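The values are calculated or read from the model by the stated rules, or taken from the named source; none is laboratory data. As the structure is a prediction and not an experimental result, all values here were calculated from the model. Here Cβ is always computed from backbone atoms with ideal geometry, including for glycine, and neighbour counts include all displayed protein chains. Areas reflect the complete protein model, heavy atoms only, side chains present, ligands, DNA and RNA absent. Shrake-Rupley method; radii C 1.70, N 1.55, O 1.52, S 1.80 Å.
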Amino acid sequence: MKKWLIAAGFLVAFGLGYSFREIATPEKPGPRATSIGGIFFKAKDPKALKQWYADYLGMRMAQSGTDFEWRQGADSSKKGFTIWAPFKETTKYF
């Protein structure tokens, strides 16, 4: 009997959650995320890694890394940027 009640409780909770989501969500919502601001990661030797990416992939590097320029899909007249930056593996930044 307890298993049946637990299963029924989950079904009711799921049904209510789904119903409220349908009520609260507009019919045609706009995009919630429009870009990725950056790719940040740790590396043993970020300087050597940046040099490798510059030499073999042609990425223009600054001291902090590089950025990628792109155009927004919803409005191609607007630019966006995504940062690519390796940090020392001992950083406390994250």
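Pop the C-beta distance of Phe87 and Thr34 into the FRET formula with R0 = 41 Å and round what comes out to the nearest 0.05.
Numbers: r = 25 Å, r/R0 = 0.61.
About 0.95, to the nearest 0.05.
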Practice problem: Measure off 7 Å from each Cα along the Cα-to-Cβ vector at Phe94 and Ser76, then give the distance between these two points in nanometres to one decimal. | Solution: 3.6 nm
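Could you provide, to the nearest whole Å², the per residue accessible area of segment 39-94 with probe 1.4 Å? Before the final figure, lay out each step's value.
On the way: 4480 Å² over 56 residues.
On a per-residue basis, 80 Å².
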Quiz item: Per-residue HN-Hα couplings for segment 60-76, Karplus 6.51 cos²θ - 1.76 cosθ + 1.60 at θ = phi - 60°, whole Hz, x for Gly and Pro?
Solution: 6, 10, 10, 4, 8, x, 8, 10, 10, 8, 8, 10, 6, x, 6, 8, 5
Self-check item: Long-range HN-HN contacts of Lys42 with modeled amide H, under 5 Å
Solution: Phe87
Self-check item: Net charge of Cβ neighbours under 15 Å - reference Phe87; Lys, Arg +1; Asp, Glu -1
Solution: +4
